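Structure, as structure tokens:
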Amino acid sequence: MSKIAPTPWDEATENPAPGEHVVQMYRDPELLIDVVARYCQQGLVKGEAVIIIATREHRAAFARKLTALGADVPSCTRRGQYVDLDAHQCLAEFMIDGAPDRERFVAAVTPHLDIARRAGYERIRLYGEMVEVLRPIAFAAAMRLEELWHELLEREAQPLLCAYQIDPLDRLEGRILVPAIAQRHSHLVPGDDAPRFARAVERAFLEVFGADADTTVLRQLCERYRPHTTTMPPAQAVLLNLDELNRYLGDAVRAAAAAYYRAGG
Amino acid sequence: MLLAGEDLAEALTRERSARLAAEAACRKKEEFIAAFSHELGTPLASAIVAATLIERLSPTDPRAVTARHVLGRQLDQARRLVEDLLDLERVTTGTLELAAERVEVAQLARDSVAAIIVPTHEIRIEASPAWVVGDPHRLRQIIGNLITNAIKHTPAGGHLRLRVFHDDGAVVLRVDDTGRGMPADLVRRVLDALAQGEAPGGQPSRLGLGLSVVRILVELHGGRVEALSEGLGRGSSFIVRLPAAPTL
């Protein structure tokens, strides 16, 4: 299933600026294939190199989707414009006692950037899902790896796209994982369908706080309560701030929004 | 005493009808409690968030100032709901009494609206002097409930109009809004205590408690009230007709 319609948030995943660290959250694995393939295709079309670090299944799926989008993946691979690496093998190169080691991480990743540059590609798009491999078994290690990526992006001034198969409208994932992940990225795209997500949160707000003119005012106050350095849709910022103001009400809005989202927004 | 076959069948039918009626009443009561809890829960939820914002922001922060207004309005909304519920109880037990006197409704309408602070909506008043015999406190409650109902169901930026005029020996008090409006079936039920409109996620969103109180109070004043709407998205009107006071 593909995204229903392009939204302003597609720009974040398709055309990130150098140094940006974008995270896409998704429920449907097909959406991930779609988003990553478009991210890669846009880079290849612009003459940028693309480095993918993903699971074997995803690497194959991305290549298939890219081919369907018109990219000549074997040619791109031969000239060093498209590099796909195995996430598990890369992790094995720098994980020590269950945690990523900074020096080994740099030593494992930067050579691939150097090779791409030597092949003539100054701009390089990165996609990494080592964090998502770690996330279910060692969340703290995944977050540490995000920080190492962040440092590397600052030095290298190249964009990175990450993805997590988590649901921002799930009580625990939304309340615990999303804030930690948001903190470590420059841009957060919270769902498969951004307009549907925004509609679901808005309707949930009306349900919990009443179909009252003050609800609009309160929603704006929640959105502005704590400005986030991470760029994200207002509906996601509202949820994060509401959690900080009152977890019980944050959960209530999230539960109602999840029901609306499932029903189509 | 033994019952003959036909008597027994009739007794069983009566017993079954009584049981079904009792079950229906019980269900209605449960629905009412659920709807009322939800209706009271929404202003309290808003008040909790507003209070937390006030606590965490600097007192001079404009967001804290806005939150203070929200807190006041939402607590007032909760208070009104409880008051409405108590009034319904007083009507049921026959303990609601009117302290009737000659009242000038146009001025009362202006005073009632002035007491409702709503920066989000424009309320236009067109009122010419009109006298009724009634309880000023209850008449103010009628106007207040009609206005707060209109505000509640009209998105911010919407318009409300309150008119007071004479018509055919009656004093008419009419509130029009540019809000969400009502489907035809809700227009018929909206003045009943259990009326509900759109129910997002299966939750009740429009408990006609305040409007039921309006209907009861208007009837106690010898008048009647009518709801009008051309449908969803087309606004609503509530028209109260009270007997005009005899000329002195």
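The values are calculated or read from the model by the stated rules, or taken from the named source; none is laboratory data. Not measured: the values here are computed from a predicted model. Glycine also receives a Cβ, built like all others from the backbone with ideal geometry; neighbour counts cover every protein chain displayed. Surface areas here come from the heavy atoms of the whole protein model, side chains and all, with no ligands, DNA or RNA. Shrake-Rupley method; radii C 1.70, N 1.55, O 1.52, S 1.80 Å.
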key: Dipole-positive endmost among B:Ala100, A:Gln42, B:Ala34 within the protein assembly as shown (Cβ charges, Cα centre)   = A:Gln42
Computed P(r) (all Cα pairs; the protein assembly as shown; 10 Å bins; percent) = 4, 16, 21, 17, 13, 12, 9, 6, 3, 1, 0
remark   = Among A:Val178, A:Cys90, B:Ala109, the residue whose Cα sits farthest towards the positive end of the charge dipole of the protein assembly as shown, when +1 is placed on the Cβ of each Lys and Arg and -1 on the Cβ of each Asp and Glu, is B:Ala109
query = Tell me, what % of the accessible area of region A:36-127 is carbon and sulfur with a 1.4 angstrom probe?
reply = 50
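Taking only protein heavy atoms into account and a 1.4 Å probe, give the accessible area per residue of the protein assembly as shown in Å². Write down the numbers at each step before the final one.
Values: 23680 Å² over 513 residues.
Value for the protein assembly as shown: 46 Å² per residue.
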query = Angle between the Cα long axis of helix B:5-56 and the longest principal axis of chain B, 0 to 90 degrees, nearest 10?
reply = 20
message = Taking the Kirkwood radius as the inverse of the mean 1/r across Cα pairs, report the Rg/Rh of chain A.
response = 0.99
task = Kindly express, to the nearest 10 degrees and within the range 0 to 90, the angle between helix B:209-220's C-alpha long axis and the longest C-alpha principal axis of chain B.
result = 80
note = Placing +1 on each Lys and Arg Cβ and -1 on each Asp and Glu Cβ in the protein assembly as shown, then taking the dipole about the Cα centre, the residue among A:Leu153, A:Ala200, B:Val214 whose Cα reaches farthest towards the positive end is A:Leu153
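Can you tell me the mean projection area, over all orientations, of the convex hull of region B:55-100's alpha carbons? Units nm², please.
4.9
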key: Rg followed by Dmax, in Å, when region A:113-153 is reduced to its Cα trace   = 13.0, 38
query = Once both axes come from the Cα atoms, what is the angle between helix A:29-45 and the longest principal axis of chain A, in degrees from 0 to 90, rounded to 10?
reply = 50
inquiry  = Let's test this: bin the Cα-Cα distances of region A:61-187 at 10 Å from zero up to the farthest pair and state each bin's percent.
reply    = 11, 39, 34, 15, 1
message = Ignoring everything except DSSP H segments at least 4 long, calculate the 222 nm mean residue ellipticity for the protein assembly as shown; use -39,500 (n - 2.57) per segment, divide by total residues, nearest 500.
response = -18000 deg cm²/dmol
task = With a bin width of 5 angstrom, please list the P(r) values of region A:126-252 as percents of all Cα-Cα pairs, from the 0 bin to the one holding the largest distance.
result = 2, 10, 19, 22, 18, 13, 8, 5, 2, 0
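Can you quote the Å³ per residue value for the convex hull of the Cα atoms in region B:7-102, rounded to an integer? Each step should come with its number before you reach the end.
On the way: hull volume 13.7 nm³, N = 96.
Hull volume over Cα atoms, normalised by residue count, gives 143 Å³.
For region A:16-102, what D do you get in µm² per second when you plug the Kirkwood radius from alpha-carbon pairs into Stokes-Einstein at 4 °C and 1.567 mPa s? Don't jump to the answer; show the numbers that get you there.
Details: Rh = 14.1 Å.
Rounded, D is 92 µm²/s.
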Largest-first principal axis extents, alpha carbons of chain B, Å = 80, 58, 36
Exposure of A:Thr230 as accessible area (Å², to 10), given a probe of 1.4 Å and all protein chains = 10
ask   = Tell me, what does the Kirkwood hydrodynamic radius of region A:168-242 come to in angstroms if you use every pair of distinct C-alpha atoms?
value = 12.7
